[in-house]
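**Student:** Have a look at this one.
The values are calculated or read from the model by the stated rules, or taken from the named source; none is laboratory data. Just so you know, these numbers come straight off a predicted model, no measurement behind them. Positions of Cβ are backbone-derived with ideal geometry, glycine not excepted, and every protein chain shown enters the neighbour counts. Surface accessibility is based on the protein's heavy atoms, side chains included, excluding ligands, DNA and RNA. Shrake-Rupley method; radii C 1.70, N 1.55, O 1.52, S 1.80 Å.
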Amino acid sequence: LKILSSITRHDILNRVMITSFYSENVRDSITDEELKRQLEAVMKSSEEIKNIIQFTGLYQDLGVEAPAWQNIEAIIQSPIIKSLLSGITLTSELGRLEIYADRMLEKVIYNLVENSIRHGMNLTKIRFSSWTEGETLLVTYEDDGGGVAGNEKEKIFEKGFGKNTGLGLFLIREILSITGITIVEKGEPGVGVRFEMTIPEGKYRGFTA
């Protein structure tokens, strides 16, 4: 199934590339503004198809390997995350904390940071912190990029919601749910996002208050 998925994705991208190429050529040769508008809608749709196909390719390994204990601090310090942080201060209080999660946890962290950069307004800082509530652990991700409107706090996790592929936060929730981790958005609109991840008992270790 993995091989078939890869081949199918490659075939679709090839056909989308042909559609985009000829649409652009035709657009440059016509003068009718209405036809141009319709053709640009076709081109936009082709681009969205390409983005969705490429994005889903990143997640073909979701749930394939057994979950593992992972140190979030180490993921935050990885080159792939640091490469996103030009001009942005990222602080973490997680230390030696490890959580038991799908091996695609790095993509969860990456997408949270990338989402802040893509949608935040005048973003300058990101912060990770954690504390316990009874037997569960809460890990928070906060930024100062403006936040999420009150009526969109649950919608942002729905498949297809948003200006791009509409898969980022949907897949973040799916990845975390594999080991029973939940995520909600509780930030203040106009101030910044605050994603709270609830880690069940037995799925975290190394926590220090």
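**Student:** Using only helices, what value at 222 nm comes out for the chain when you add -39,500 (n - 2.57) per DSSP H run of length 4 or more and divide by the total residues, to the nearest 500 deg cm²/dmol?
**Tutor:** Numbers: 6 runs with 87 residues, N = 209.
Taken over the chain, the calculation gives -13500 deg cm²/dmol.
**Student:** With the cut-off at 1.5 for a/c, could you classify the range 95-141 from its C-alpha gyration tensor as rounded, prolate or oblate? Could you put the intermediate results ahead of the total?
**Tutor:** Values: a/c = 2.77, a/b = 1.55, b/c = 1.78.
Oblate, since a/c reaches 1.5 and b/c is not below a/b.
**Student:** At a 1.4 Å probe radius, which order do Y22, Y110 fall into by accessible area, largest first? Kindly include the intermediate steps, with their values, before the conclusion.
**Tutor:** Details: Y22 135, Y110 70 Å².
Correct descending sequence by accessible area is Y22, Y110.
**Student:** Tell me the per residue accessible area of the range 86-156 using a 1.4 Å probe; a whole number in Å² is fine.
**Tutor:** On the way: 3480 Å² over 71 residues.
Accessible surface, normalised per residue, equals 49 Å².
**Student:** Within the chain, how many lysine pairs that are 8 or more places apart, or on different chains, have C-alpha atoms less than 15 Å apart? Don't jump to the answer; show the numbers that get you there.
**Tutor:** Numbers: K36/K44; K44/K163; K50/K163; K82/K107; K82/K125; K153/K186; K155/K163; K155/K186.
The number of close lysine pairs in the chain is 8.
**Student:** Of P189, P79, P67, which is the most mobile in a GNM of the chain whose springs link Cα atoms less than 10 angstrom apart?
**Tutor:** P79
**Student:** Mind telling me which of R118, R127, R27 comes out most flexible in a GNM of the chain, alpha-carbon contacts under 10 Å?
**Tutor:** Most flexible of the set in this elastic network: R27.
**Student:** With label points built 7 Å along Cα→Cβ from the Cα atoms of A68 and E152, find their separation and express it in nm.
**Tutor:** The answer from the label model is 3.6 nm.
**Student:** For the range 19-74, which whole percent of the accessible surface, found with a 1.4 angstrom probe, sits on carbon and sulfur atoms? Present the calculation step by step, with values, prior to reporting the outcome.
**Tutor:** Values: 2020 of 3750 Å².
So the carbon and sulfur contribution to the accessible surface is 54 percent.
**Student:** A further question on this structure: Taking only C-alpha pairs under 8 Å that are 6+ residues apart, what is the relative contact order of the chain in percent? Spell out each step's value before the answer.
**Tutor:** Working: 311 pairs, mean separation 40.0, N = 209.
In percent, rounded to a whole number, it is 19.
**Student:** Next question. Could you identify which residue out of I81, I18, I117 has the top mean-square fluctuation in a GNM of the chain using Cα springs shorter than 10 Å?
**Tutor:** I18
**Student:** Related question: Got a number for carbon plus sulfur as a percent of the range 116-209's accessible area, 1.4 Å probe?
**Tutor:** Values: 2390 of 4840 Å².
Percent of accessible area from carbon and sulfur atoms in the range 116-209: 49.
**Student:** Along the charge dipole of the chain, which of N151, T140, L94 sits closest to the positive end, that is, farthest toward it, with unit charges on the beta carbon of Lys, Arg, Asp and Glu (+1, +1, -1, -1)?
**Tutor:** Farthest along the dipole direction, towards plus: L94.
**Student:** What longest region of the chain stays clear of GluC sites (Glu not before Pro) that DSSP places outside H, G, I, E and B and that have at most 12 other Cβ atoms within 10 Å?
**Tutor:** On the way: sites that count: E65, E135, E154, E201.
The longest uninterrupted stretch comes out as 66-134.
**Student:** Full extension from E34 to E135: what is 0.36 nm times the residue separation minus their Cα-Cα distance, to one decimal in nm? Present the calculation step by step, with values, prior to reporting the outcome.
**Tutor:** Numbers: separation 101, 0.36 × 101 = 36.36 nm, distance 6.15 nm.
My answer for the length gained is 30.2 nm.
**Student:** At a 1.4 Å probe radius, which order do V191, V16, V184 fall into by accessible area, largest first?
**Tutor:** Numbers: V191 80, V16 15, V184 55 Å².
Ranked from most to least accessible, the order is V191, V184, V16.
**Student:** Taking the structure as given and computing Rg and Dmax of the Cα atoms in Å, which label from (i) 16.9, 56; (ii) 20.0, 67; (iii) 16.3, 49 fits?
**Tutor:** Answer by label: (ii).
**Student:** I've got another one for you. To check you understand DSSP bridge types, tell me what percent of the beta bridges within the range 55-158 (both residues inside) are antiparallel, rounded to 5.
**Tutor:** So the antiparallel bridges amount to about 75 percent of the total.
**Student:** As a test question: what accessible area, to the nearest 10 Å², does K44 have when a 1.4 Å probe is rolled over all protein chains in place?
**Tutor:** Counting only protein heavy atoms, the figure is 130 Å².
**Student:** I want to check the label-to-label distance for E196 and K44. Put each point 7 Å from Cα in the C-beta direction and report it in nm to one decimal.
**Tutor:** Here the answer is 3.7 nm between the modelled labels.
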